[in-house]
Ligand code: HEM
Ligand code: SF4
């Protein structure tokens with residue numbers, strides 16, 4: 001993993017001191033709220049429903065056990081004993097005091113972490129495949145490129161006052177585990193016929209009020225040209241982006257309004273212009289960064305056998321453990337979705353325990369996923385059973401990865417000041433209704449995603465089943481969407497019809513799954529069936 | 001009735017105007033009639049409250065009840081974590097919100 005050099009550390013430390021002074025002045029009454037707000041937002045500090053909320057960046061979802069342990073320490077010392085892992089591979093603390101925010105940032109800086117660019121009109125935390133560097137199906141580790149973009153764009157003056165926030169995701173496998181086509185820029189590493197490494201570049205995706213699946217803007221961009229091409233795309237947007245209308249500021253609107261062809265033409269023209277000045281990051285710099293992502297010293301000659309005599313363990317292996325590129329190793333998913341729990345929440349103790357497990361069993365590496373789970377990327381198959389027993393004792397062995405109870409849910413009206421309806425209780429009720437794991441496995445892969453308002457932090461547009469909370473004359477109401485996907489087969493869900501009450505939407509989900517079981521064909525996932533039979537049979541099942 | 005709310009500047013806690021200062025408990029909130037703006041203006045100067053606003057509420061025997069569910073959740077705490085609310089030992093506290 002990337003390690004700060006003395007410049008990185010000095011910048012982050014200086015930023016902590018700057019913020020301490022800003023917070024001190026606000027507390028002393030020398031700054032008004034209007035003056036202070038942009039300063040705190042530049043450091044990821046929001047004011048939410050009950051308290052200040054701090055959003056900590058976990059670049060491309062990768063961290064080590066020392067960092068994870070610090071996240072647990074902060075949860076215990078400064079928050080109310082827990083942290084919340086989010087869909088953007090960040091961690092949020094919901095109960096922060098302004099008086100202590102500077103100390104928290106200093107603690108984060110001591111382990112090479114910060115909250116810079118987790119808010120505001122900036123290039124946000126880069127996201128990536130949580131299996132990067134471990135996945136059996138990737139062409140190479142995408143993280144050096146993510147880190148390169150992070151370094152090249154952080155504090156870059158041209159990207160400091162963008163029309164709106166900007167999100168970039170980088171992956172390197174055919175299976176898209178980072179929802180790249182729902183980002184402002186989605187990058188997929190591929191090899192061309194000549195064996196040369198490059199990117200498929202998707203631009204203009206996103207959810208929120210106006211959702212779009214990003215079109216493919218460039219089928220093959222040589223990897224060495226990554227920075228200049230991104231710069232060209234951002235520059236075209238910076239120049240033409242609609243700063244006059246808050247609902248039209250995102251690059252997806254520009255791509256849509258100009259049309260894919262014209263947008264691409266402008267980016268290519270700008271790119272040629274930039275290339276003439278040679279602004280790509282030098283190869284040596286990339287090599288320096290890439291050296292931090294060398295694979296860990298995998299042992300050789302390990303067994304691929306897994307003793308499956310314990311049936312609960314076998315179930316967990318089938319559901320939560322994925323193929324690794326090195327023989328004898330596996331990727332372990334730790335579900336933060338126990339039945340009835342709050343998706344993405346982990347206690348300080350759990351966070352620290354997971355840190356210890358990462359240190360002991362996964363070469364000190366951990367990952368956070370956009371589905372609000374945690375990954376130990378490099379576990380010896382021989383250690384799986386011991387690991388599972390420890391997880392099980394601590395409520396962390398729920399074997400529901402990608403099943404209906406592995407729900408993504410935003411904080412909704414329980415924590416978020418923009419919300420129209422609560423998300424978490426709906427997630428809890430659905431998970432409880434479908435608590436039986438046999439029933440869940442019978443349903444197979446089924447991604448259910450809930451947002452408490454149109455901002456779509458809970459990715460409801462991309463759920464096989466999506467739920468959107470709306471305000472109906474002052475009461476909570478829930479719309480049901482079907483057929484979305486955030487994966488390589490990305491699509492946007494379609495609203496089924498009039499919304500439901502909280503309990504009503506749980507029943508409606510059950511009618512959808514019943515219909516699916518009645519009409520599915522051998523080997524189909526819910527999404528496959530939906531795409532084959534279409535919307536109407538489901539609509540009929542829901543509304544009768 | 002109209003009541004005033006906001007977040008305490010140093011801690012971020014939800015607070016309610018009591019007529020002479022701020023309380024964590026909505027039960028202590030007082031009807032400010034048409035004086036809300038003036039109070040908030042003065043309070044802004046004192047830098048004790050963040051995002052002060054005037055909201056609608058109804059008077060009940062147990063004190064003011066905010067008109068909007070969002071403010072009732074603010075008054076109690078998250079409905080999904082009774083242990084983190086202002087009334088952790090009252091199992092029925094959540095019913096007041098919804
Ligand atoms: C509680 C404080 C939060 C606030 C105030 C907030 C605010 C917003 C807003 C205003 C947007 C829409 C902006 C836009 O795309 O134009 C947005 C989008 C988004 N938020 Fe949040 N959010 C919050 C929490 C979260 C959490 C906890 C997550 C993860 C679980 C999250 C993930 C996202 C994602 C993924 C999007 C993008 C949807 C897209 O692609 O357009 N947010 N958020
Ligand atoms: S989707 Fe809406 S309710 Fe949910 S976290 Fe985002 S802004 Fe808040």
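Observations on the structure shown:
- Per-bin percent of Cα-Cα distances, the range A:311-393 [5 Å]: 3, 15, 27, 29, 19, 7, 1, 0
- Per residue convex hull volume, Cα atoms of the range A:92-176, in Å³: 139
- Taken along the Cα-to-beta-carbon direction at a fixed 7 Å, the label points for residue B:90 and residue A:7 span 5.8 nm.
- When Rg and the Kirkwood Rh are both derived from Cα coordinates, the Rg/Rh ratio for the range A:459-544 amounts to 0.98.
- The range A:33-184: equivalent-ellipsoid semi-axes (sqrt of 5 x gyration tensor eigenvalues, Cα, Å): 27, 19, 13
- Rounded to the nearest 0.05, the FRET efficiency derived from the C-beta distance between residue A:501 and residue A:521 at R0 = 45 Å is 0.85.
- Size descriptors for the range A:301-451, from the alpha-carbon set: Rg then Dmax equal 15.8, 55 Å.
- Amide N of the range A:475-497 lying under 19 Å from the label point, which is placed 7 angstrom from the Cα of residue A:536 along Cα→Cβ: A:482-483, A:494-497
- Separation between Cα centres of the range B:1-18 and the range A:327-356, rounded to whole Å: 36
- Bridges between two residues of the range A:142-291, per DSSP, are antiparallel at a rate of about 75%.
- Take the Cβ atoms of residue A:276 and residue A:158, set R0 to 22 Å, and the FRET efficiency comes out at 0.85.
- Pairs of Cα atoms in the range A:61-125 fall into 5 Å distance bins, from 0 up to the last occupied one, in shares of 4, 16, 28, 30, 17, 5, 0 percent.
- A quarter of the convex hull surface defined by the alpha-carbon atoms of chain B gives 6.0 nm² as the mean projection.
- Ordered by the count of other Cβ atoms within 10 Å of each Cβ, fewest first, A:331, A:390, A:467 give A:390, A:331, A:467.
- With all pairs of separate Cα atoms included, the range B:45-98 yields a Kirkwood hydrodynamic radius of 12.4 Å.
- Hypothetical label at residue A:24: residues of the range B:1-27 whose amide nitrogen lies under 14 Å (7 Å Cα-Cβ projection): none
- Restricting the calculation to alpha carbons of the range A:142-291 gives Rg and Dmax of 14.7, 46 angstrom.
- The slack in the chain from residue A:472 to residue A:441, taken as 0.36 nm per residue of separation less the alpha-carbon distance, amounts to 7.7 nm.
- Modelled this way, with points 7 Å down the Cα-to-C-beta line, the labels at residue A:260 and residue B:23 are 6.1 nm from one another.
- Counting other Cβ atoms within 10 Å as a rough exposure proxy, the listed residues A:145, B:22, B:17 run B:22, B:17, A:145 from fewest neighbours to most.
- Neighbour-count order for A:37, B:70, fewest beta carbons within 10 angstrom listed first: A:37, B:70
- With the simple spin-label model, which puts each label point 7 Å out from Cα in the Cβ direction, the residue A:287 to residue A:305 separation comes to 4.4 nm.
- Zone residues, the range A:308-323, relative to residue A:392, backbone N less than 12 Å from point 7 Å out along Cα-to-Cβ: A:308-317
- DSSP beta bridges fully contained in the range A:427-544 are about 75 percent antiparallel.
- For the range A:6-109, the ratio of Cα radius of gyration to the globular rule of thumb 2.2 N^0.38 Å stands at 1.06.
- Calculated translational diffusion coefficient of chain A (10 °C, 1.306 mPa s; Stokes-Einstein with Kirkwood radius over alpha-carbon pairs) equals 66 µm²/s.
Every number in this text was worked out from the coordinates using simple rules, so none of it is lab data. Note that the structure is a prediction, hence the values are computed from the model and not measured. When we count neighbours, we look across all protein chains shown, and the Cβ atoms used for this are built from the backbone with ideal geometry, even at glycine.
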